[in-house]
1. Of Arg84, Arg178, which has the most accessible area and how do the rest follow, probe 1.4 Å?
2. Ignoring ligands, DNA and RNA, please state the percent of accessible area on the chain from carbon and sulfur, probe 1.4 Å.
3. Helix by helix through the chain, keep the DSSP H runs that span 30 Å or more along the axis on Cα and average at least 0.0 on Kyte-Doolittle, and give those back in order.
4. At a probe size of 1.4 Å, how large is the accessible area of Leu32, to the nearest 10 Å²?
5. For the residue pair Leu128 and Thr183, what label-to-label distance in nm results when each label sits 7 Å from Cα along the Cα-to-beta-carbon direction?
6. How much accessible surface area, in Å² rounded to 10, belongs to the heavy atoms of Val48 with a 1.4 Å probe?
7. Please compute the per residue accessible area over region 31-140 with all protein chains in place, 1.4 Å probe, rounded to a whole number of Å².
8. Hey, which lysines would be in cross-link range of Lys182, C-alpha to C-alpha under 23 Å, not counting anything within fewer than 8 residues on its own chain?
Amino acid sequence: MGLSNITQKIPSRNQKLLGVLFAIAAAFSVSLMGLFVKSIGPNLPTSVELFARFLVSMLLLWPMIYLDKQFTFVVAEPTRLVVRSFLGLLAMGLYFAAIKSIPLTLAILLSNITPAIVPIFVYFMLGLRTRKSVWACIFVSLLGIVIVLNPEQNAWSMGAVYAMLSSCMAAMSILQMRLLTKTHRETTLLFYY
């Protein structure tokens with residue numbers, strides 16, 4: 001049974017709440033992963049940390065694949081899937097590099113600007129309009145990042161740049177994922193991530 005089959009059985013008024021809960025759980029998981037990466041220290045290569053992260057993800061994904069009777073290895077848009085996977089890998093690698101370079105709280109804060117960046121990419125890459133209120137929120141978010149980085153204090157380190165680039169790569173990956181969900185099952189997309 002795929003994720004879409006599960007969510008279709010939930011009344012629509014509860015699907016938004018479920019989405020919010022999944023978003024909170026995802027943010028918590030990414031923050032916890034960051035804590036583990038920070039606690040390991042700078043001695044372990046980022047490539048090993050990435051391998052471990054994706055191995056754990058694959059182990060958690062196998063039961064979902066097993067239960068999804070419609071799972072397939074065949075993909076309709078292999079190029080877009082490769083781009084999405086590469087962007088996700090790059091985002092995660094930059095996130096890990098940022099965590100090693102700057103305080104964990106700053107790395108997490110800067111990598112959490114992804115939701116503010118997605119509408120910008122949607123507008124420029126797909127030409128879709130965004131409400132003015134959303135643009136105002138994006139402006140406030142980006143202004144907050146500038147205030148946190150405090151340019152007068154030289155907080156613009158390479159770690160901060162890595163974290164912001166990670167957010168940009170993650171935003172583009174999310175956009176690709178959204179486009180791929182129209183033609184692929186969730187388990188297939190997660191498998192190729």
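1. Arg178, Arg84
2. 71
3. TM-like helix candidates: 12-40, 46-67, 78-101, 158-180.
4. Leu32 exposes around 70 Å² with every protein chain in place.
5. Going by the 7 Å Cα→Cβ label model, 1.7 nm.
6. That residue has around 70 Å² of solvent-accessible surface.
7. 62
8. The reachable lysines, counting only those whose Cα sits under 23 Å from Lys182, are Lys9, Lys16, Lys69.
The values are calculated or read from the model by the stated rules, or taken from the named source; none is laboratory data. Nothing here was measured: the structure is a model prediction, and the numbers come from that model. Cβ: placed from backbone, ideal geometry, glycine included. Neighbour counts: every protein chain shown. Calculation scope for accessible area: heavy atoms of the full protein, side chains included, ligands and nucleic acids excluded. Shrake-Rupley method; radii C 1.70, N 1.55, O 1.52, S 1.80 Å.
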